[in-house]
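A.B. asks: Below are the structure tokens for one structure; questions will follow.
Every read-out reported here was derived from the displayed coordinates using simple, explicitly stated rules and does not represent laboratory data. Predicted, not measured: the structure shown is a model, and the values here were computed from it. Cβ sites come from the backbone with ideal geometry, for glycine too, and all protein chains shown count toward neighbours.
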Amino acid sequence: MAQFVKVAKESELPDTEGTFEVVEGKGTLVEVEGNKIALFKLDGEVFAIDGTCTHDGGPLSEGSVQGDEVVCPQCRARFSIVSGQARGLPAMEDVASYEVRVTDDNVEVEV
Ligand code: FES
């Protein structure tokens with residue numbers, strides 16, 4: 001049964017601050033019940049997607065961010081940070097996205 005699990009402090013997550021420039025170091029890797037999840041804060045809103053690229057396992061939390069997309073650092077597939085949708089080759093499959101809620105300063109992800 002799905003439940004919300006506390007994974008991070010919202011105040012500690014780096015924010016993209018609404019820029020559409022390519023920005024580095026904005027993802028945060030967390031592990032919940034064996035799942036690697038990448039957190040991103042886009043202009044104040046927190047999103048969670050699967051942290052492992054569907055192409056060949058690249059670490060999406062280490063990818064650069066442009067707008068609402070993360071670029072896989074391994075071979076540059078793009079994914080929507082909001083929905084997990086694959087938006088650029090070589091990835092053909094979406095990554096999972098997770099429901100997020102923020103209570104006080106606590107970021108919780110539904111797993
Ligand atoms: S592992 Fe992510 S694009 Fe290849």
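A.B. asks: Arrange the following residues from fewest to most other Cβ atoms within 10 Å of their Cβ: R101, R76.
C.D. replies: On the way: R101 11, R76 16.
Lowest count first: R101, R76.
A.B. asks: If you don't mind, another one. Looking at the chain only, what percent of DSSP beta bridges run antiparallel? Nearest 5 please. Walk me through the numbers before you get to the answer.
C.D. replies: Values: 32 of 33 bridges.
Bridges in the chain that DSSP calls antiparallel: roughly 95 percent.
A.B. asks: Which FRET efficiency value, to the nearest 0.05, is calculated for R87 and M1 with the Förster distance at 41 angstrom and r the Cβ-Cβ distance? Spell out each step's value before the answer.
C.D. replies: On the way: r = 32 Å, r/R0 = 0.77.
It comes to 0.80.
A.B. asks: Here's a follow-up. Fewest Cβ neighbours within 10 Å first, please rank D50, D56 accordingly.
C.D. replies: Values: D50 18, D56 12.
In increasing order of surrounding Cβ atoms, one gets D56, D50.
A.B. asks: Please pull out the direction-averaged projected area of the chain, using the convex hull of its alpha-carbon atoms, in nm² to one decimal place.
C.D. replies: Details: hull surface 25.0 nm².
If I average the Cα hull's projected area over directions, I get 6.3 nm².
A.B. asks: In debye to the nearest 20, how big a dipole does the chain give about its Cα centre with +1 on each Lys and Arg Cβ and -1 on each Asp and Glu Cβ? Walk me through the intermediate numbers first.
C.D. replies: Values: 9 positive and 22 negative charges, 59 e Å.
In debye, rounded to 20, the chain gives about 280.
A.B. asks: Further question on the same structure: Counting Lys +1, Arg +1, Asp -1, Glu -1, what net charge surrounds V46 among other residues with beta carbon under 12 Å of its beta carbon?
C.D. replies: Details: positive: K9, K26, K41, R101; negative: E10, E12, D15, D43, E45, E99, D105, E108.
With Lys, Arg at +1 and Asp, Glu at -1, the neighbours total -4.
A.B. asks: To make sure I understand, if each residue's beta carbon is the centre and we count other beta carbons within 10 Å, what order do R78, R87 fall in, fewest to most?
C.D. replies: Values: R78 18, R87 15.
Placing the least packed residue first, the sequence is R87, R78.
A.B. asks: Amide H to amide H under 5 Å from T52: which residues, 5+ apart in sequence or cross-chain, H placed 1.01 Å off N in plane?
C.D. replies: Under 5 Å from the amide H of T52: L60.
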